[in-house]
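Visitor: Structure provided below as structure tokens; questions to follow.
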């Protein structure tokens, strides 16, 4: 009720403003997406549920990390243990956090040790051009881990020289500072970013200290391109009760290093992109921060390999193909030293004959010890009218266990080297309607999971053991509606809703993750210009989540943003009403947090 009263007062106050000249015009152009098809495709031709967070929306949302951005997307469940992107688990449509595939510019970032490290990203939020979220399975194109969905982060590129610096300060001695440099030279583009952030923490042992560097270079050679990317991400943080409430003085350090090189060969009706990559992640974990000799894990994982992706146009449609060769290695004082290989290939045929669009294909993957398996899928889109489409899809998906699930051992947890891959069968149907200045989406999906991996408590010794525990059926419905400039004093209003219904028989057992996802989720977002100052706007994000734990919370965030030609200044207030809640059991989230910051464009004003 307090949230609704505040919103009503705000709308009443700003209704009196004659802000027609200040209203930002939103248009529903066909964004280009690659996540659902692996190739550039008009957004209107994608027969799947894909949501795009644009660069403009990133500016308006009161978020300073990728997990905080994703909290505002229907169907995405973000479980943060530490703020500012220190550590977060991302789930989609009730799937587990290990079952979401993260990409940067289409390149997979799979951490074989644990999904807790999947959001150790070698980039800053200021590097991001847009984020594409594919809800539903992606194993047909991406192979393992694309179980609940795929998140593809696209970085910024520009043909003009730009230099930007930014900083923010907040409660709990929070600070975040960064510098971006975009430097085109002859037929090449180069981006460099360095960032430093930290805080004393919002409660005991939640302090953090982050350092990040990222780089991207693109060299044009006629129609072709050479691309090189590197990144370094270093985090040191207090991990109060992150993995067990029995030891609140946990502490962790992670260090990620990443390099990727690709060549884009582009011809009239044919394109192919071979690339090589190397990723190493170091993880040092202490059960008691002040006593490293009591219990300490030191892990080092290496993921390296090559992949190839291409497509060609023919009278039969668009054919997309590719393959990969990857090795995943870990050196660990707890998990041991292990090496496994994955080899895979995929093939998809996209056929367009108006009003029907069909994409059919599959992938085949080999894992050490698992042999070859195939994962088919099909998407069908039908245009009922110029702005209305229905879509249907069916697919299989899979995920292999992580090294932690296979080999981890401590006083409370045991891995299981005999675990089998998780599998799922997925069905989905939906409709998109985009008649003009508003759009509506609705979808219903069904997922049947088998061989699900979870940690099950043994009552006799009070230890959680990893097991292929059970099967689960998840049914869900998602709906969203967005209105662009619905009133003279409103820029945009969007409402999103998700309902999940999971059938799971725990058989009286206690598990860690099986029933931690939300059951109902409602997200309201809107913004308006503030008449007090030209270029000033206020934007709201209100999230209601009801999980199966059970728990309920309504979180209200707002951003005041003053945009000028050469600078932006913002004030963020997150969790305005200081709601007490937990996203991970035993890890209370921050109360009200006030942050203020600026971005100054030294060169290349928009």
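Quick note: the coordinates plus some simple rules give every number you see, no bench work behind them. Bear in mind the structure is a predicted one, so any value in this text is a computation, not a measurement. Note that each Cβ is placed from the backbone with ideal geometry, even for glycine, and that neighbours are counted across all protein chains shown.
Visitor: Any idea what log10 I(q)/I(0) is at q = 0.13 Å⁻¹ for the range 288-359, Debye with uniform C-alpha scatterers and no solvent?
Guide: -0.62
Visitor: What whole number of Å gives the distance from the Cα centroid of the range 253-332 to the Cα centroid of the range 502-557?
Guide: 31 Å
Visitor: Let me ask something additional. Students often get this wrong: which residues of the range 563-593 have the backbone nitrogen under 17 Å from the point 7 angstrom along Cα-to-C-beta of residue 59?
Guide: In the range 563-593, the label zone of residue 59 (backbone N under 17 Å from the point 7 Å along Cα→Cβ) covers 563-572.
Visitor: If you don't mind, another one. Spin-label point model (7 Å from Cα, Cβ direction): what's the residue 42 to residue 418 distance in nm?
Guide: About 5.5 nm, to one decimal.
Visitor: Moving on to the next point. I need the P(r) histogram for the range 364-424: all alpha carbon pairs, bin width 5 Å from 0 out to the longest distance, whole percents.
Guide: Calculated over all Cα pairs of the range 364-424, the distribution is 4, 13, 17, 13, 12, 9, 9, 8, 6, 5, 3, 1, 0 percent.
Visitor: Please arrange 65, 177 by how many other C-beta atoms lie within 10 Å of their C-beta, fewest to most.
Guide: On the way: 65 22, 177 15.
Starting with the residue having the fewest Cβ neighbours, the order is 177, 65.
Visitor: Let me ask you something else. How much length, in nm to one decimal, is gained on full extension between residue 602 and residue 244, taken as 0.36 nm per residue of separation minus their Cα-Cα distance?
Guide: Numbers: separation 358, 0.36 × 358 = 128.88 nm, distance 4.62 nm.
Residue separation times 0.36 nm, minus the Cα-Cα distance, leaves 124.3 nm.
Visitor: From the Cα trace of the range 346-490, what convex hull volume per residue do you get, rounded to a whole Å³?
Guide: Numbers: hull volume 24.2 nm³, N = 145.
Spread over its residues, the Cα hull of the range 346-490 gives 167 Å³ apiece.
Visitor: How large is log10 of I(q)/I(0) for the range 322-386 at q = 0.14, 0.16 Å⁻¹ when the intensity is taken from the Debye formula with one equal scatterer per alpha-carbon?
Guide: -0.60, -0.68
Visitor: Taking the Cα-to-Cβ direction at residue 232 and at residue 592 and moving 7 Å from each Cα, how far apart do the two end points lie in nm?
Guide: 4.1 nm
Visitor: Hey, another quick one. What ranking do 497, 577 get, fewest neighbouring Cβ atoms within 10 angstrom at the top?
Guide: Working: 497 18, 577 12.
The order, fewest Cβ neighbours first, is 577, 497.
Visitor: Listed highest first by mean packing, meaning other Cβ atoms within 10 Å per residue, what order do 233-245, 182-194 come in? List each step's numbers first, then the result.
Guide: Numbers: 233-245: 20.7, 182-194: 16.0.
Ranked from most to least packed, the peptides come out as 233-245, 182-194.
Visitor: When averaged across all projection directions, what area in nm² does the alpha-carbon convex hull of the range 176-224 cover?
Guide: On the way: hull surface 17.5 nm².
Approximately 4.4 nm², given one-decimal rounding.
Visitor: Pull out the extension gain between residue 507 and residue 386, defined as 0.36 nm times the separation in residues minus the alpha carbon to alpha carbon distance; nm, one decimal. Don't skip to the answer; put the middle values down first.
Guide: Numbers: separation 121, 0.36 × 121 = 43.56 nm, distance 5.04 nm.
Gain on stretching residue 507 to residue 386: 38.5 nm.
Visitor: Looking at the chain from every direction and averaging, what is the projected area of its Cα convex hull in nm²?
Guide: Working: hull surface 104.0 nm².
If I average the Cα hull's projected area over directions, I get 26.0 nm².
Visitor: Taking R0 as 30 Å, what's the FRET efficiency between residue 211 and residue 536 from their Cβ-Cβ distance, rounded to 0.05? Before the final figure, lay out each step's value.
Guide: Numbers: r = 33 Å, r/R0 = 1.10.
Computed FRET efficiency for residue 211 and residue 536 comes out at 0.35.
Visitor: Under a plain spin-label model, where a point goes 7 Å from the Cα along Cα-to-Cβ, how far apart in nm are residue 221 and residue 188?
Guide: Distance between label points: 1.2 nm.
Visitor: How big is the equivalent ellipsoid of the range 391-453 along its three axes, where each semi-axis is √(5λ) from the Cα gyration tensor, reported in whole Å from largest to smallest? List each step's numbers first, then the result.
Guide: Working: eigenvalues 305, 41, 13 Å².
Largest first, the range 391-453 gives 39, 14, 8 Å.
Visitor: Going by average Cβ neighbours within 10 Å, how do the peptides 214-226, 136-148, 118-130, 526-538 rank, with the highest at the top?
Guide: On the way: 214-226: 15.8, 136-148: 28.5, 118-130: 21.8, 526-538: 17.6.
Ranked from most to least packed, the peptides come out as 136-148, 118-130, 526-538, 214-226.
Visitor: I've got another one for you. Would you kindly state how much longer the chain becomes between residue 263 and residue 165 on full extension, computed as 0.36 nm times their sequence separation minus their alpha carbon distance, in nm to one decimal? Can you show the working numbers first?
Guide: On the way: separation 98, 0.36 × 98 = 35.28 nm, distance 3.07 nm.
Between residue 263 and residue 165, full extension yields 32.2 nm more.
Visitor: Output needed for the range 509-573: three equivalent-ellipsoid semi-axes, defined as square roots of 5 times the C-alpha gyration tensor eigenvalues, in descending order, whole Å. Let's see the in-between values first.
Guide: Working: eigenvalues 281, 28, 11 Å².
After scaling each eigenvalue by five and taking roots: 37, 12, 8 Å.
Visitor: Further question on the same structure: Using the C-alpha gyration tensor of the range 545-596, what are the square roots of 5 times its eigenvalues, in whole angstrom, with the largest one first?
Guide: Working: eigenvalues 183, 21, 15 Å².
Listed largest to smallest, the semi-axes of the range 545-596 are 30, 10, 9 Å.
Visitor: Determine, from the Cβ-Cβ distance of residue 440 and residue 475 and an R0 of 25 Å, the FRET efficiency 1/(1 + (r/R0)^6), rounded to the nearest 0.05. Write out the running numbers ahead of the final one.
Guide: Numbers: r = 21 Å, r/R0 = 0.84.
Result of the calculation: an efficiency of 0.75.
Visitor: Which FRET efficiency value, to the nearest 0.05, is calculated for residue 370 and residue 308 with the Förster distance at 22 angstrom and r the Cβ-Cβ distance? Please report the intermediate quantities before stating the final value.
Guide: On the way: r = 22 Å, r/R0 = 1.01.
After rounding to 0.05, the efficiency reads 0.50.
Visitor: For the range 495-606, what is Rg from Cα atoms divided by 2.2 N^0.38 Å, rounded to two decimals?
Guide: Details: Rg = 19.2 Å, N = 112, 2.2 N^0.38 = 13.2 Å.
The range 495-606 yields a ratio of 1.46.
Visitor: In square nanometres and to one decimal, what's the mean projected area of the convex hull around the Cα atoms of the range 185-257?
Guide: Values: hull surface 25.9 nm².
Taking the Cα atoms of the range 185-257, their convex hull projects to 6.5 nm² on average.
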